[in-house]
Amino acid sequence: VKVHETYARPVPGAAGGPAGSGQADASKGEQLASVTQKSKTGEQLKLEVFRKGQDTELRAREVPKGEECRVKLTEEVLKELDKEDPWTELFSRVGVDPGPPRRIVVASQIGQGEASLPPAGTSMLITTFRYSADRYLISGMDLNAGTLAEVTVAEDGMTPQLKSKIAACKDNSSLYNLLVRGLSFEAGSSGLSFRAASACQS
């Protein structure tokens, strides 16, 4: 079993995930939630949340035969989750860092801010998350329509130039700005899109 200390940040919107049964197992603790779903990074994952004493832990594995990975959830993370439906929000942030070593992680927030996206200058609240150096999730809330759109940036969307610029970012703020430069939004058609060439333009 791999144990990773991982930190998450809240994000608007989430994919579905049923509430747990609250069943208790003396060896595992109380199960708070369980779901099998496709992650934003493309893998099918079995996700469970357990509480034992004062500790809350995410246990996850790739379906069907992946190794279980345990992520300890800090008190800070738990306070930031949606109070009405915390585990749906948590599960929507879980993905895979291909490594090496390959591991399941909770995406960490890079930054959040308002941006005017081409081609129509749509005003959006953009939140960016990092799974690994080559995997990101970008969430956009249309401030006029109130709708949510998401795009995943992964290995197939990376170019050598973009990788170089990401590596050169000195902090989360510069990385956030780099990713936002690559975004465009068209309501009712392609939605939120990312182009590496646009991000790399000065």
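Readers should treat all values here as calculations from the given coordinates under stated rules, not as data from a laboratory. Remember, it's a predicted structure, so these values are computed and weren't measured experimentally. FYI the Cβ positions are ideal-geometry reconstructions off the backbone, even for glycines, and counts take in every protein chain you see.
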Quick one: among L45, L143, L90, which has the greatest mean-square fluctuation in a GNM of the chain with alpha-carbon springs under 10 angstrom?
-> L143
So K65 and K46, fully extended at 0.36 nm per residue minus their Cα-Cα distance, gain in nm 5.8 nm
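Can you tell me the FRET efficiency between S174 and S123 if r is taken as the Cβ-Cβ distance and R0 is 25 Å, rounded to the nearest 0.05?
That pair, S174 with S123, gives E of 0.65.
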In debye, nearest 20, what is the charge dipole magnitude of the chain about its Cα centre with +1 on Lys and Arg Cβ and -1 on Asp and Glu Cβ, if you could check?
-> 560 debye
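How would you rank 48-58, 112-122, highest first, on the average number of other Cβ atoms within 10 Å across their residues?
Final packing ranking: 48-58, 112-122.
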The range 147-189 residues near the modelled C200 label - backbone nitrogen below 11 Å, point 7 Å along Cα→Cβ | 158-166
Among (i) 60, 44, 30; (ii) 56, 38, 29; (iii) 51, 33, 29, which is the computed Cα extents along the principal axes in Å?
-> (ii)
For the range 138-173 and the range 48-63, what is the separation of their C-alpha centers, rounded to whole Å?
-> 29 Å
Kindly state, to the nearest 0.05, the FRET efficiency for E76 paired with S189, given R0 = 35 Å and r defined as their beta-carbon distance.
-> 0.35
Between helix 172-181 and the chain: long-axis angle, C-alpha atoms, 0 to 90°, nearest 10 = 60 degrees
For K72, K165, what ranking results if the residue with the fewest other Cβ atoms within 10 Å of its Cβ goes first?
-> K72, K165
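If R₀ is 41 angstrom, what is the calculated FRET efficiency for the pair T159 and K28, using the beta carbon separation as r and rounding to 0.05?
Here the calculated transfer efficiency is 0.40.
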